[in-house]
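Enquirer: Structure in structure tokens, see below.
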Amino acid sequence: MRFCPKCGHQVNMEIPEGDNRERAVCPNCAFIDYDNPRMITGTIPMYEGKILLCRRNIEPRFGYWTLPAGFMENAETTLQGALRETLEESGSEVIAKQPFSMISIPHVNQVHLYFLAELAQADFHPTSESSEVALFALDEIPWDEIAFSSVTKTLEYFIADHKAGHYGFHEDSIIVNSQPQ
Ligand code: ZN
């Protein structure tokens, strides 16, 4: 941020009084930009032992498969966001079962939260965000074509829990010692 969103004055990078890290601070109106991580929320849609995946029709990772998920919006809960993203990306209305994985990704300032969910019926279709939407048996997951490592981790936890016969909650992180792409 170069200019204050409140008054348009040029901002300075400085540590506000009582704070411990640099923020964009407006010297004119004292606005402080607290730039914090963003939440991505989505679902693991299940149907008759299979998982619904979406082939991305948008960048990043165009053409790769993902679980339906996206940036949470203001004024919604994590669950509402997950259900909205699932509908937007896969055309399916799902019934949420439980929170399943929460993965921090510090190098891109994101937290990814996935809920287990069930499709009431095999009702889904391609969307503007997904060129293809399909159910995959657990031994048919296209591991080499998964869009994001948080999705890979979540699917690995899901398969392990499925084999164990009990679905837990998995808090994890992806640590990459490099700059965001
Ligand atoms: Zn200002």
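The values are calculated or read from the model by the stated rules, or taken from the named source; none is laboratory data. Remember, predicted model here, so these are calculated numbers, not experimental data. FYI the Cβ positions are ideal-geometry reconstructions off the backbone, even for glycines, and counts take in every protein chain you see. What goes into the accessible areas is simple: the full protein's heavy atoms, side chains included, and nothing from ligands, DNA or RNA. Shrake-Rupley method; radii C 1.70, N 1.55, O 1.52, S 1.80 Å.
Enquirer: Suppose we flag chymotrypsin sites (Phe, Trp or Tyr not before Pro) only when DSSP calls them loop and at most 12 other Cβ atoms lie within 10 Å. Which is the longest uninterrupted stretch of the chain? Intermediate results must be reported in sequence, preceding the final value.
Expert: Working: sites that count: 34, 62, 169.
My reading of the result: 63-168 is the longest stretch.
Enquirer: Using a 1.4 Å probe on the protein chains only, how many percent of the accessible area of the chain belongs to carbon and sulfur?
Expert: 48
Enquirer: Excluding residues on the same chain fewer than 8 positions from residue 163, give the lysines whose Cα lies under 19 Å from its Cα.
Expert: 50, 97, 153
Enquirer: Still on this model: How much FRET efficiency would the formula 1/(1 + (r/R0)^6) give for residue 30 and residue 177, where r is the Cβ-Cβ distance and R0 is 35 Å, rounded to 0.05?
Expert: After rounding to 0.05, the efficiency reads 0.45.
Enquirer: May I pose another question? Where both residues lie in the chain, what percent of DSSP beta bridges are antiparallel, nearest 5?
Expert: Working: 30 of 44 bridges.
The antiparallel proportion sits near 70 percent.
Enquirer: Using a 1.4 Å probe and counting only protein heavy atoms, arrange 84, 61, 23 so the residue with the most accessible area comes first.
Expert: Ranked from most to least accessible, the order is 61, 84, 23.
Enquirer: Let me ask something else. If eta is 1.567 mPa s and T is 4 °C, what Stokes-Einstein diffusion coefficient results for the chain, Kirkwood Rh from Cα pairs, in µm²/s? All intermediate terms of the calculation are to be shown ahead of the outcome.
Expert: Details: Rh = 17.9 Å.
The diffusion coefficient I find is 72 µm²/s.
Enquirer: Something else: Summing Lys, Arg as +1 and Asp, Glu as -1, what charge do residues with Cβ under 12 Å from the Cβ of residue 146 carry, residue 146 excluded?
Expert: Charge balance in the 12 Å sphere: +1.
Enquirer: Right, next: Given Cα pairs under 8 Å that are at least 6 residues apart, what percent is the relative contact order of the chain?
Expert: Computed value for the chain: 22 percent relative contact order.
Enquirer: State in Å² the accessible area per residue of the chain; use a 1.4 Å probe, count heavy atoms of protein chains only, and round to the nearest integer.
Expert: On a per-residue basis, the chain sits at 58 Å².
Enquirer: Angle, helix 149-164 long axis vs. longest principal axis of the chain, Cα atoms, 0 to 90°, nearest 10?
Expert: 40
Enquirer: Hey, what angle do you get for helix 78-90 against the long axis of the chain, alpha-carbon based, 0 to 90 degrees rounded to 10?
Expert: Tilt relative to the chain: about 60 degrees.
Enquirer: Which residue fluctuates most in the GNM of the chain (Cα springs below 10 Å): 51, 103, 159?
Expert: It is 159.
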